[in-house]
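Here's the structure we're looking at; comments come further down.
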Amino acid sequence: MVKNEELIDIMTEDLKRALKKPADKRVWAMAIDIKKCIGCHACTTACMSENLTPPHIQYRPVREEEIGTFPNITVKFLPRPCMQCENPPCVTVCPVKATYKREDGITVIDYNKCIGCRYCIVACPYGARSSDSGNYYTGKFKKETYEVEASEEYGKPWARKNHFSSPIGNARKCHFCIHRIEKGTLPRCVTTCLSNATYFGDLSDPDSQIAKAVAKVNTFKYKELLGTKPRVIYIT
């Protein structure tokens with residue numbers, strides 16, 4: 001069995017190899033082995049730390065489902081990041097084109113264009129989008145708190161200077177940590193997964209770990225019948 005550190009090293013090499021290809025030739029994807037997921041929520045916490053999201057915004061929540069009848073009960077965990085759909089309904093409903101797909105297929109949000117209409121939040125069938133209301137602030141702003149530290153999402157410093165500056169008022173979502181992958185570093189949720197349950201890489205590369213992981217019959221895509229064509233694949 002490949003150890004977590006070894007798997008991270010292998011996927012990092014896969015990532016660097018993919019970055020040498022033209023953006024439109026990459027197929028970034030994520031695979032999550034729900035048999036391995038232990039529900040530790042380390043990925044959720046790491047994601048919030050990486051992107052400095054407020055308490056009510058989680059890009060990667062872990063859903064829990066009880067199975068069985070008391071006292072014979074077990075719990076199944078389902079990490080749920082943005083599905084990075086090939087056919088994203090959130091893009092088509094955005095009236096100002098603030099939400100769009102990049103050449104590499106990742107759906108992103110331009111905070112400078114977003115008007116906070118929340119159409120995309122309603123359109124997303126996965127509940128993967130949130131509105132940053134800024135209402136979690138209490139008392140006066142303090143420079144030493146995370147509430148005013150600059151997030152490096154999308155490779156830009158987004159400082160929360162007041163209640164009217166982005167990303168306050170914007171829709172927010174998982175973006176596969178593009179500010180990390182473009183520097184050759186895996187998404188934060190991948191590197192913090194304690195049980196080797198999360199894979200990331202270029203699905204078009206047959207030698208990549210993610211391509212090998214999903215080349216099995218025991219895989220599914222969440223709500224695939226909706227025609228959204230998710231790029232997050234679950235392994236059962």
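Of note:
- Residue selected from the stretch 215-236 under the condition hydrophobic (A, V, I, L, M, F, W, C), surrounded by 14 or more Cβ atoms within 10 Å (Cβ to Cβ) and under 18 Å from the mean Cα position of the chain (by Cα), by the criterion nearest to Lys25 (Cα to Cα): Val232
- Where Lys101 falls short, out of the listed (1) of a type in the set (Lys, Arg); (2) at pLDDT below 95; (3) within 22 Å of Arg231 (Cβ to Cβ): (2)
- Any hit, the stretch 14-22, residues being crowded, with 20+ Cβ neighbours inside 10 Å and part of a strand (DSSP E or B): no
- Residue pairs whose Cβ atoms lie under 9 Å apart, sitting 6 or more positions apart in sequence or on different chains, and linking a residue in the stretch 101-129 that is free of Cβ contacts under 8 Å to residues at least 24 places away in the same chain and acidic (Asp, Glu) to a partner that is surrounded by fewer than 19 Cβ atoms within 10 Å (Cβ to Cβ) and in a helix (DSSP H, G or I), are Asp110/Tyr154.
- Elements of type strands (runs of 3 or more DSSP E) contained in the stretch 118-214, each with 2 or more residues being at pLDDT 95 or above and aromatic (Phe, Trp, Tyr): 198-202
- Residues in the stretch 23-65 that are assigned to a loop (DSSP other than H, G, I, E, B), among the basic types (Lys, Arg) and surrounded by fewer than 15 Cβ atoms within 10 Å (Cβ to Cβ): Lys35, Lys36.
For every residue, the table says whether it meets (1) out of contact with any helix residue (DSSP H, G or I) (no Cβ under 8 Å at 6 or more places or on another chain); (2) farther than 19 Å from Tyr126 by Cβ; (3) of a type outside the set (Val, Ile, Thr); (4) modelled with pLDDT under 95.
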| position | (1), (2), (3), (4) |
| --- | --- |
| Val27 | yes, yes, no, no |
| Met30 | no, no, yes, no |
| Lys35 | yes, yes, yes, yes |
| Pro54 | no, yes, yes, yes |
| Tyr59 | no, no, yes, no |
| Lys76 | yes, no, yes, yes |
| Pro79 | no, no, yes, no |
| Pro88 | yes, no, yes, no |
| Thr92 | no, no, no, no |
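- Only a single item in (1) in contact with a Phe, Trp or Tyr (Cβ under 9 Å, 6 or more places away or on another chain); (2) touching a residue at least 40 places away in the same chain (Cβ under 8 Å) is not met by Phe220, and it is number (2).
The values are calculated or read from the model by the stated rules, or taken from the named source; none is laboratory data. The structure presented is a predicted model; accordingly, all values stated were derived computationally and were not measured. Cβ: placed from backbone, ideal geometry, glycine included. Neighbour counts: every protein chain shown.
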